[in-house]
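Report on one structure; see the data block that follows.
Every number in this text was worked out from the coordinates using simple rules, so none of it is lab data. Everything numeric here is computed off the predicted structure, so don't read it as measured data. Cβ sites come from the backbone with ideal geometry, for glycine too, and all protein chains shown count toward neighbours.
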Amino acid sequence: MKIKYGSTFLGMILVAGLSGCGGSSSSTITTETSADTTSTDTTTVSTVVSTADATEGPNPNLFVSGALVEDATTEDCVLSGGTKTTCYRISVKGVPANHAVGPFCPPTITSTATEGGIWLDGSGETYDVDGNFIVNLPTLYSDASWQLYDPATGKVKITDTQVACEAAAQPNVAAEYQNYCVECSLDYVNGGISETVLIPKTPVPLATPATLNGNVGISLTGVTFALAAPVDAILSAYTIAAFDDCGGHVNPNVGYHYHAATGCTESAIQEDGHATLLGYAMDGYGIYANKNPTGNDDTDLDQCRGHTDAIRGFHYHAAPAGDNAFIGCFHGEQGTSASAAAAGAPPAGGVPPTGLPPQ
Ligand SMILES: [Zn+2]
Ligand SMILES: [Zn+2]
């Protein structure tokens with residue numbers, strides 16, 4: 001995987017992480033540059049979260065500058081388990097505040113990894129969607145019917161119009177768009193679709209963890225963490241709904257959303273060296289990076305991919321990108337999501353709406 005960051009972000013200072021606690025807690029702004037041999041500019045800007053600020057539950061001050069439509073507010077709410085409490089109302093822009101969107105599909109069968117994004121099918125593998133990947137699909141999936149490019153020209157068949165995107169970026173792929181690399185432009189969704197969530201200010205644990213449904217959560221970069229991409233449906237239609245190197249892609253229903261944590265959403269570094277904070281699950285618990293900075297996996301994660309420590313309380317660690325998941329289940333009562341309500345879904349925690357999920 002070759003992560004690229006747009007050069008426009010070079011040197012950008014994100015003023016986030018202002019302490020809401022006053023007194024002795026403080027947050028400093030720092031710039032972290034990661035080495036990458038394949039791209040020109042690789043600067044990300046991160047906030048260091050002091051130990052005092054790294055509490056259990058959401059901290060709206062930690063969102064990346066530009067990630068939110070407006071400042072978070074608080075209001076009364078009812079969680080999925082019936083608990084009446086106070087929630088943060090948080091509206092994310094639906095466009096990543098700290099990285100570019102795309103590329104997704106490579107233009108030709110000789111394209112390099114920098115010209116395309118990634119693919120993940122839940123096997124644990126994360127594939128570069130480059131020209132070789134397109135050519136090797138019949139081998140990868142042991143099915144000679146894969147033909148995602150024009151053999152005469154080497155051009156990859158890409159859904160490059162809004163009509164094609166709308167017909168193909170859904171599990172019921174229209175027949176004429178089988179054997180396509182599927183991508184949609186943010187232009188088709190007016191530059192992005194914002195999402196408003198109510199998540200508990202103080203998370204409320206469940207006696208029994210809940211199955212994931214609706215949104216998994218929201219990132220500090222202003223994007224939703226989606227449920228697993230329906231890769232079986234995508235692959236059975238001989239399509240690749242390519243993700244960009246940040247694990248996101250666009251569909252006409254929800255705009256840009258993430259399906260995997262690839263590192264781009266890591267912005268809130270933990271002062272004590274714990275894995276960085278990526279965002280918050282719908283139950284209000286933090287979702288942290290897969291690995292701690294030392295490269296070590298946590299070995300004590302529960303079925304939801306969560307554990308508890310003295311500083312952060314209960315929190316999740318994102319699954320490896322190739323798993324097509326962020327977390328395993330909800331440890332706490334969920335808040336509510338505007339898009340789920342608009343889609344006719346029952347209140348959070350209820351039965352997911354019938355029909356196929358969007359990609
Ligand atoms: Zn942890
Ligand atoms: Zn998707």
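Once a ≥ b ≥ c are taken as the square roots of the eigenvalues of the Cα gyration tensor of the range 205-268, is the result rounded (a/c under 1.5), prolate (a/b larger than b/c) or oblate (a/b not larger than b/c)? Verdict is oblate for the range 205-268. Over all pairs of different C-alpha atoms in the range 158-279, the reciprocal of the mean inverse distance, the Kirkwood hydrodynamic radius, equals 16.1 Å.
Among 106-113, 285-292, 327-334, how do they line up by average Cβ neighbours within 10 Å per residue, starting with the highest?
327-334, 285-292, 106-113
Do any GluC sites (Glu not before Pro) in the range 139-188 lie in a loop, going by DSSP, with at most 12 other beta-carbon atoms within 10 Å of their beta carbon, and if so which?
none
The chymotrypsin sites (Phe, Trp or Tyr not before Pro) found in the range 69-161 include none that occupy coil by DSSP while having at most 10 further C-beta atoms within 10 Å. Find how many whole Å separate the alpha carbon centroid of the range 226-280 from the alpha carbon centroid of the range 149-189. Spelled out, the Cα-based centre of one part sits 20 Å from the other. Computed over the alpha carbons of the range 120-185, Rg followed by Dmax gives 12.3, 33 Å. Once the gyration tensor of the Cα atoms in the range 116-230 is diagonalised, the equivalent ellipsoid follows with semi-axes of 34, 19, 13 Å, ordered largest first. Amide H to amide H distances under 5 Å link Val49 with Ile269, Gln270, Glu271, where only residues 5 or more positions off or on other chains count and H is placed in the peptide plane. Applying the Karplus relation 6.51 cos²θ - 1.76 cosθ + 1.60 with θ = phi - 60° to the range 158-174 yields 3J(HN,Hα) values of 10, 6, 9, 10, 5, 4, 5, 4, 5, 7, 10, 8, 7, x, 8, 5, 4 Hz, where x marks Gly and Pro.
When the alpha carbon gyration tensor of the range 285-335 is reduced to an equivalent ellipsoid, the three semi-axes, largest first, read 17, 15, 9 Å.
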